[in-house]
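Worksheet for the structure shown next.
The values are calculated or read from the model by the stated rules, or taken from the named source; none is laboratory data. Only a predicted model underlies this, so the values are computations on that prediction, with no experimental measurement involved. All Cβ positions, glycine included, derive from the backbone under ideal geometry; neighbour counts span all protein chains shown.
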Amino acid sequence: MNLRIKSLPPLIAVLSIGLATASPAIAATSDSLSSAKSAFTSGRADDALRFLSTAIGKNSANAVAWNLQCRVYLAQGRWDEAINSCRHAVELVPASSMYHLWLGRAFGEKASHAKLLSAYKIAKLVHAEFEIAVSLDGRNPEALSDLGEYYVDAPGFLGGSDSKAEDLAERLDTLSPARAWELRASIAEKKKDYAGAEQDWRAKIAASQTSAEAAAQAWMDLGSFYRRRGRWNDMLTALENGAAADTQHGPALVDGASTLIKADREPQLAVQWLREYLSGNALSAEAPAFAVHAELGKLLKKQGDLLAANREFAIANALSANYSATSASGSAE
């Protein structure tokens, strides 16, 4: 289970236009985009798609709208539609590092859900888009990080390379130290250097003290590492430290709950964290509310609370009918 998606960059291409001097058509498009971004941030995917349909209908050459539409589709698990929308954005602005990065991510999601032979073919497209994103902007930390993770995860015949990943970690040192340590931790885990990986994950925590949100996420990442190693007490301690650091009850709580669910431990604490996120003021497109409601419903169903589970499924369905129909199993009957 992975409820998190990458964060949204500013809608600078359109929203920076002054409404007082813009034409009525451009102003209407800007209003639709702003409404779409707000809807997506609060987890209202269907509303976001309606606003984006309006924006694209008024201006089919609006790359920002196509890119945001791609990301909503990604959050819903609609890989082919996401790829189509991201391709439109890339075709309209081929020099955008971020648009190529998102197209690569869309290909990556499809590859992760495809049969083996198809996955290999799609992985080549992921690699190509990530390489283009880095070539267009060598100081884009997200692109460097994603390409580095590709190098770690992919086999050699698909372009995987630990040495290339290490080179990118060095480039990230000055751009985003936390991402650099995360990449090094991934490299160490792949090499089964678990002591080194633990040191790198802890180094990420030290490098993430710039904000409570970043620190909380770094602790959750360490907790996830401990889960993979079967170190349950250490896992719980790290996750609780992350929750304590997350004073705004943001997306890090969702990651912490996801780790508990994967570990099949402390289900009530996972329920608590998901509810704290949903009831807080830090909803984010990184952890879409519709997906969190659906996951909470499945967790409550497993615990036998069918009434509460169905309530969560209904909320997920109202926010994003497509997602809940495929991921929430519809009801807890």
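For segment 56-73, filtering for residues that are among the hydrophobic types (A, V, I, L, M, F, W, C) and in contact (Cβ under 8 Å) with a residue 40 or more places away in the chain leaves 4.
Kindly indicate which of S320, S258, S329 is polar (S, T, N, Q) and modelled with pLDDT under 95. Only one candidate passes the filter, namely S329. Looking across segment 181-210 at every residue that is of a type in the set (S, T, Y) and at pLDDT 95 or above, the one that is farthest from R265 (Cα to Cα) is identified as S208. Of all residues in segment 243-255, those that are in contact (Cβ under 8 Å) with a residue 12 or more places away in the chain and within 16 Å of E295 (Cβ to Cβ) have Cβ atoms under 6 Å from Cβ atoms of residues that are surrounded by 24 or more Cβ atoms within 10 Å (Cβ to Cβ) and of a type in the set (V, I, T), 6 or more apart or on another chain, in V254/V292. Counting only residues that are assigned to a loop (DSSP other than H, G, I, E, B) and closer than 13 Å to L125 by Cβ, segment 83-114 holds 1 of them.
Here is a yes/no grid of residues against (1) over 30 Å from D80 (Cα atoms); (2) in a loop (DSSP other than H, G, I, E, B):
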| residue | (1), (2) |
| --- | --- |
| L253 | no, no |
| G256 | no, no |
| I261 | no, no |
| R265 | yes, yes |
| W273 | yes, no |
| L300 | yes, no |
| A314 | no, no |
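For segment 74-89, the set of residues classified as in contact with a helix residue (DSSP H, G or I) (Cβ under 7 Å, 6 or more places away or on another chain) and without any contact (Cβ under 8 Å) to a residue 24 or more places away in the chain consists of E81, S85, C86, R87, listed by residue number.
For segment 36-56, filtering for residues that are surrounded by fewer than 24 Cβ atoms within 10 Å (Cβ to Cβ), within 19 Å of N281 (Cβ to Cβ) and either touching a Gly at 6+ places or on another chain (Cβ under 8 Å) or small (G, A, S) (or both) leaves 3.
Scanning segment 58-74 for residues that are surrounded by fewer than 24 Cβ atoms within 10 Å (Cβ to Cβ) and among the aliphatic types (A, V, I, L, M) turns up A61, A63.
Restricting the first member to segment 214-237 and to residues that are within 16 Å of L253 (Cα to Cα) and in a helix (DSSP H, G or I), and the second to residues that are modelled with pLDDT of 95 or more and among the acidic types (D, E), the beta-carbon pairs closer than 6 Å and six or more apart or on different chains are A216/D246; M220/D255. Scanning segment 8-54 for residues that are among the hydroxyl-bearing types (S, T, Y) and modelled with pLDDT of 50 or more yields T29, S30, S32, S34, S35, S38, T41, S42, S53, T54. Exactly one residue out of A119, A65 is under 29 Å from L168 (Cβ atoms) and either out of contact with any Gly (no Cβ under 6 Å at 6 or more places or on another chain) or not in a helix (DSSP H, G or I) (or both), and it is A119. Are any of the residues in segment 272-295 farther than 29 Å from S34 by Cα and charged (D, E, K, R)? Within segment 272-295, none of the residues are farther than 29 Å from S34 by Cα and charged (D, E, K, R).
Residue-by-condition table, conditions (1) exposed (fewer than 15 other Cβ atoms within 10 Å of the Cβ); (2) more than 22 Å from the chain's Cα centre (by Cα); (3) β-branched (V, I, T):
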{"residue": "D137", "(1), (2), (3)": "no, no, no"}
{"residue": "L147", "(1), (2), (3)": "no, no, no"}
{"residue": "S163", "(1), (2), (3)": "yes, yes, no"}
{"residue": "D167", "(1), (2), (3)": "yes, yes, no"}
{"residue": "A206", "(1), (2), (3)": "yes, yes, no"}
{"residue": "T210", "(1), (2), (3)": "yes, no, yes"}
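Within segment 195-213, being assigned to a helix (DSSP H, G or I) and out of contact with any helix residue (DSSP H, G or I) (no Cβ under 6 Å at 6 or more places or on another chain) holds for A195, E198, Q199, R202, A206, E213.
Annotation note: Cβ proximity below 6 Å between a residue of segment 150-175 that is in a helix (DSSP H, G or I) and a residue that is of a type in the set (K, R) and buried (at least 17 other Cβ atoms within 10 Å of the Cβ) (sequence gap 6+ or interchain) occurs for A169/R184; L172/R179. Suppose the filter is of a type outside the set (V, I, T), out of contact with any His (no Cβ under 8 Å at 6 or more places or on another chain) and part of a loop (DSSP other than H, G, I, E, B); does K192 pass it? Judged against the criteria, K192 is a match.
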